[in-house]
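Down below is the structure, laid out as structure tokens.
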Amino acid sequence: MSDTSISRTAAKGSAQPFSLVRLLLEGRAFFALIAIVAVFSYLSPNYLTVSNLLIMASHVAIYGILAIGMLLVILNGGIDLSVGSVLALCGVLAGAMMQGIELPTFGVILFPPVWAVVVLTCAIGGLVGALNGALIAWFKVPAFVATLGVMYVARGVALLQTNGLTYNNLSGRPELGNTGFDWLGFNRLAGIPISVVVLATIAVLTGLMLSRSSFGRWLYASGGNERAADLSGVPVKRVKITVYTISGILAAVAGLVLSSQLTSAGPTAGTTYELTAIAAVVIGGAALTGGRGTVRGTMLGAFVIGFLSDGLVIIGVSSYWQTVFTGAVIVLAVLMNSIQYGKGGRKS
Amino acid sequence: MTGTPAAKPDTAEVVLAARNVAKSYGQIHALKGVNFDIHRGQVTTLFGENGAGKSTLMKILSGVIQPTSGEIMLDGQPVAFTNSTEARDRGISIIHQELSLAPNLSVRDNIFMGREIKGPMGVDFAEEERQVRKLLEELEEDIDPLTPVEELRLGQQQIVEIARALSVDSRILIMDEPTSALSATEVEVLFKVIRDLTAKGVSIVYISHHLEEALQITNHAVVLRDGTMTAYAPRAEIDLEWIVRNMVGENYDLGSPPGGYDFGKVALSLREVTVADPKGGDYNVVDKLSLDVRAGEVVCIYGLMGAGRTELLETVAGRLRSSGGEVVLEGKEVSHLSIAERIARGLALVPEDRQRDGLVQTMTVGQNLSLASIAAFTKGLFTQRKAEQALIDRTIKEVTVKTSGGGAAIGSLSGGNQQKVVIGKMLATQPKVIMLDEPSRGIDIGAKAEVFRLLAEGAKRGLAVVYSTSEVGECLSIAHRIIVMHKGRISAEFDSTVTKEQIMAASGESVAA
Ligand SMILES: Nc1ncnc2c1ncn2[C@@H]1O[C@H](COP(=O)(O)OP(=O)(O)OP(=O)(O)O)[C@@H](O)[C@H]1O
Ligand SMILES: [Mg+2]
């Protein structure tokens, strides 16, 4: 991947050789992933097969997409607790559009084509994200509180919309011209699930944006020291609103992928997914205080969580134990991080 | 005792000493085998360029960091501190160069952080407050112990830092640039406190780039250069010239204002700029201030702390909102523009507080230097790496930052070199008007000369410079025109033939020194 080498040289300066310590630090999530794959392939012969890896990757896609949005917000020094609810809200609204939008005044039911459903859903996600951003940047509501509130509101609206029920048949009908919704969840491109392709595209684009665009620089700067960035001419408020908007859009994308994979959209989908996304970002080495973190790390974090929980399912561990293991891995990964940093700090 | 350049006419006993102390950070050798003595009841001053290793040595003596090799001797016995609390328990405390206060906590809580006074019911806040009041009284500073530190101006924060070190009752007190943000009066008070302390037998180590000031108080002078001790002498044998010669090897003259050309049109014009107190007081920190600065002109704004200089400059830069008046840049009103737009039009501010307003600690030296000029090396969607690297390399050379390269972490630079990064960042935007708020904080005499040279060269090419300082000497060596600010207004205006005394009198300062 080309953006790997770019971000490395940009951070270290082209004159310096690749440092081993840095590799180990960054590689933490990578080694965890290798260990997970090794252990589970030993325990189950089905684990390390191409088809299983692809299935697991398509599960990771959901968390992964959310985690990239979360990474941007965390780089900015914020947090977005609303993504799980926005995912559900967007899924439900997409479902509703697939079932037809009734316009009583005209006595017609509109069946928008799938591409329009996708665009509208992303727009709704973006709007909710922009609302988060505006609350935080303009009205100075702390990010935790603003997104917590929006988390409840979005979940509530999703429940209201369906009356607590789930939209089931989302495949559309040929005579209405709105088939194809399951394409996202079921089709493959050169054997790779579409959801994984979507994740990879978003990851590469975000990676490029962070390492090469001026927006990326603005984001790192305003997350590291907002006052200094502001005085250097960085439009800190615009950056803030933009990252929450992107996070909202990505939550909508994740909602579309999820309801397409399940061919149903329920208002309780994605509960606690925001926490999984935060965990992926943190395992990936980002600092919750802002200014530090990479897409590469976050992707590894998402894969660690996804491959672990699917592995536990495959070897037949009860779902209660799964929760325990996932929690332990999160703490362990971050613990290793602080031990390594701590040692360095004391020595220097 | 080995390796000391001059024979020591020791009169007072050595309480704390470093023996062959070395410290390396990977390839960087910050200290290369240094011997250093602290005498009981005396002031030892450490001189040296930015990055010479002064702070590193002091951090080692106070247990903040550990030496790579060498020994620390306390009262003749070797000791090895593993942290600063251990050193504090043995009577050694330090005032750090970079402030280490918790901004959200009150003055009282900062001073007693980690050593709260226990009463029968938890912390005895009343007793703490009483002690803080007494300390601040001693320092002749009018600060309420319950104010959150973030509401204090930089100089007052520095006073709090000093008060915290004094509150420990240590017998060895290390002061790493304690006066960089203090006014002349505050320095006088601090010196009185230092004299009282030494009379009581407390030993002091003092570091400052204000050389004349340090000479007033010191008993011994030690010069560090590139991690080695190059000279040692008692006060009686040294003068300013001796220090500078040993520090940098040549003598610097900060010179006189650039001349031999005519000023251009008015570049920056302030018309009745008024700024209400940002903390909500019912007075104006800047009061109907009008000022014209022409292209090529260097205007110095002199004033005491709290005269409204920082607020004025921040308003012109776009950080603070003015409550009245106009800011006109090259004939165009810019009051409604954002900071970014003002920078793009050539109006740049070098802020006073480098930690809070100048640097992004999570970014590298290079990324900090290029932060304000991103647009200059962005083509289409992407930043151009080569162009950025060229800009970084050029700026590092221009402002003489001592670093292993643009990729180094900003925290690995010495205090003065961090300051140079803040200056370099704004100079790299190629401004037409540059405003500098106390830019010489913590930079050594050579770097100061370099910055003055850069400003002078810029001025000759038509750069308008607004230079805010509380050091009269700086005004005299750079400015064509000197404005004295007092309580938000211009209280006097001089040309470069003025004397120090006249300027100080106009600022409302007692000319005691
Ligand atoms: N954590 C670190 N990592 C790498 N290098 C460091 C670190 N801390 C200090 N240095 C290097 O050690 C050298 C000495 O730094 P030090 O802070 O002691 O200088 P100083 O004499 O206090 O300078 P100043 O007058 O600017 O405060 C510098 O070259 C600096 O870059
Ligand atoms: Mg220093």
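The values are calculated or read from the model by the stated rules, or taken from the named source; none is laboratory data. Remember, predicted model here, so these are calculated numbers, not experimental data. Quick reminder, even Gly has a Cβ in these numbers, built from the backbone with ideal geometry, and neighbours come from all protein chains shown.
Numbers below:
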{"read-out": "Flag for B:Val286 being more than 22 Å from B:Asp353 (Cβ to Cβ) and either aromatic (Phe, Trp, Tyr) or not in a loop (DSSP other than H, G, I, E, B) (or both)", "value": "no"}
{"read-out": "Per-region count, the range B:64-88, residues more than 25 Å from the chain's Cα centre (by Cα), away from ligand 1 (no atom under 13 Å from the Cβ) and either within 13 Å of chain A (Cβ to nearest Cβ) or more than 22 Å from B:Glu13 (Cα to Cα) (or both)", "value": "6"}
{"read-out": "Test: residue in the range B:136-150 that is at pLDDT 90 or above, among the charged types (D, E, K, R), out of contact with any helix residue (DSSP H, G or I) (no Cβ under 9 Å at 6 or more places or on another chain) and within 23 Å of B:Ser93 (Cα to Cα)", "value": "yes"}
{"read-out": "Qualifying residue in the range B:299-317 (condition: more than 26 Å from the chain's Cα centre (by Cα) and modelled with pLDDT of 90 or more)", "value": "no"}
{"read-out": "Some residue of the range B:360-371 being more than 26 Å from B:Ile143 (Cβ to Cβ), part of a loop (DSSP other than H, G, I, E, B), within 14 Å of another protein chain (Cβ to nearest Cβ) and touching a strand residue (DSSP E or B) at 6+ places or on another chain (Cβ under 6 Å)", "value": "no"}
{"read-out": "Some residue of the range B:379-389 being touching a strand residue (DSSP E or B) at 6+ places or on another chain (Cβ under 9 Å) and more than 10 Å from chain A (Cβ to nearest Cβ)", "value": "yes"}
{"read-out": "Scope the range B:61-87; condition within 30 Å of B:Ile445 (Cα to Cα) and in a loop (DSSP other than H, G, I, E, B); matching residues", "value": "B:Ser62, B:Gly63, B:Val64, B:Ile65, B:Gln66, B:Pro67, B:Thr68"}
{"read-out": "Qualifying positions in the range A:211-224 - touching an Asp or Glu at 6+ places or on another chain (Cβ under 8 Å) and either free of Cβ contacts under 8 Å to residues at least 60 places away in the same chain or polar (S, T, N, Q) (or both)", "value": "A:Ser211, A:Ser222"}
{"read-out": "Tally, over the range B:183-206, of residues that are away from ligand 2 (no atom under 16 Å from the Cβ) and either touching a residue at least 60 places away in the same chain (Cβ under 8 Å) or farther than 29 Å from B:Asp437 by Cα (or both)", "value": "16"}
{"read-out": "Check on B:Leu211, touching a residue at least 40 places away in the same chain (Cβ under 8 Å), among the aliphatic types (A, V, I, L, M) and out of contact with any strand residue (DSSP E or B) (no Cβ under 6 Å at 6 or more places or on another chain)", "value": "yes"}
{"read-out": "Out of B:Ser491, B:Ser496, sole residue that is modelled with pLDDT of 85 or more and over 21 Å from the mean Cα position of the chain (by Cα)", "value": "B:Ser491"}
{"read-out": "Test result for B:Ala390, more than 16 Å from ligand 1 (Cβ to nearest atom), of a type in the set (Gly, Ala, Ser) and either over 24 Å from A:Pro235 (Cβ atoms) or not in a helix (DSSP H, G or I) (or both)", "value": "yes"}
{"read-out": "Subset of the range B:339-359 that is within 7 Å of chain A (Cβ to nearest Cβ) and either in contact with a His (Cβ under 8 Å, 6 or more places away or on another chain) or more than 15 Å from B:Leu312 (Cα to Cα) (or both) - its residue that is surrounded by the most Cβ atoms within 10 Å (Cβ to Cβ)", "value": "B:Leu359"}
{"read-out": "Search result, residues across the range A:282-312 that are under 19 Å from A:Arg217 (Cα atoms) and of a type outside the set (Ser, Thr, Tyr)", "value": "A:Gly285, A:Ala286, A:Ala287, A:Leu288, A:Gly290, A:Gly291, A:Arg292, A:Gly293, A:Val295, A:Arg296, A:Gly297"}
{"read-out": "Residue in the range A:25-38 that is over 25 Å from A:Val198 (Cβ atoms), outside any loop (DSSP other than H, G, I, E, B) and modelled with pLDDT of 90 or more present", "value": "yes"}
{"read-out": "Residue among A:Phe307, A:Phe303, A:Phe325 that alone is surrounded by fewer than 16 Cβ atoms within 10 Å (Cβ to Cβ) and either at pLDDT 85 or above or closer than 16 Å to A:Met56 by Cα (or both)", "value": "A:Phe325"}
{"read-out": "Single residue of B:Pro78, B:Pro67 found to be over 20 Å from B:Glu161 (Cα atoms), more than 16 Å from ligand 2 (Cβ to nearest atom) and surrounded by fewer than 20 Cβ atoms within 10 Å (Cβ to Cβ)", "value": "B:Pro78"}
{"read-out": "For B:Gly122: the one exception among (1) closer than 22 Å to B:Arg19 by Cα; (2) more than 16 Å from ligand 2 (Cβ to nearest atom)", "value": "(1)"}
{"read-out": "Residue ID - surrounded by the most Cβ atoms within 10 Å (Cβ to Cβ), chosen from residues in the range A:194-252 that are more than 7 Å from chain B (Cβ to nearest Cβ) and in contact with a strand residue (DSSP E or B) (Cβ under 7 Å, 6 or more places away or on another chain)", "value": "A:Ile194"}
{"read-out": "Output for the range B:401-418, where each listed residue is within 20 Å of B:Ser208 (Cβ to Cβ) and more than 13 Å from chain A (Cβ to nearest Cβ)", "value": "B:Lys402, B:Leu413, B:Ser414, B:Gly415, B:Gly416, B:Asn417"}
{"read-out": "Flag if B:Arg319 is more than 12 Å from chain A (Cβ to nearest Cβ) and either touching a residue at least 24 places away in the same chain (Cβ under 8 Å) or farther than 23 Å from A:Leu219 by Cα (or both)", "value": "no"}
{"read-out": "Matching entry among B:Ser412, B:Ser496, B:Ser491 (being over 27 Å from B:Arg245 (Cβ atoms) and within 16 Å of ligand 2 (Cβ to nearest atom))", "value": "B:Ser412"}
{"read-out": "Any hit, the range B:301-310, residues being more than 9 Å from every other protein chain (Cβ to nearest Cβ), of a type in the set (D, E, K, R), part of a helix (DSSP H, G or I) and closer than 29 Å to B:Ser477 by Cβ", "value": "yes"}
{"read-out": "Checking B:His209 against (1) within 16 Å of ligand 2 (Cβ to nearest atom); (2) within 14 Å of chain A (Cβ to nearest Cβ), the condition it does not meet", "value": "(2)"}
{"read-out": "Any chance B:Gly280 is surrounded by fewer than 20 Cβ atoms within 10 Å (Cβ to Cβ), in contact (Cβ under 8 Å) with a residue 60 or more places away in the chain and small (Gly, Ala, Ser)", "value": "no"}
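A quick yes/no check of all residues on (1) surrounded by fewer than 21 Cβ atoms within 10 Å (Cβ to Cβ); (2) within 16 Å of ligand 1 (Cβ to nearest atom); (3) within 22 Å of the chain's Cα centre (by Cα):
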| position | (1), (2), (3) |
| --- | --- |
| B:Arg90 | yes, no, no |
| B:Gln97 | no, yes, yes |
| B:Pro103 | yes, no, yes |
| B:Met113 | yes, no, no |
| B:Lys118 | yes, no, no |
| B:Asp124 | yes, no, no |
| B:Glu127 | yes, no, no |
| B:Val168 | yes, no, no |
| B:Asp176 | no, yes, yes |
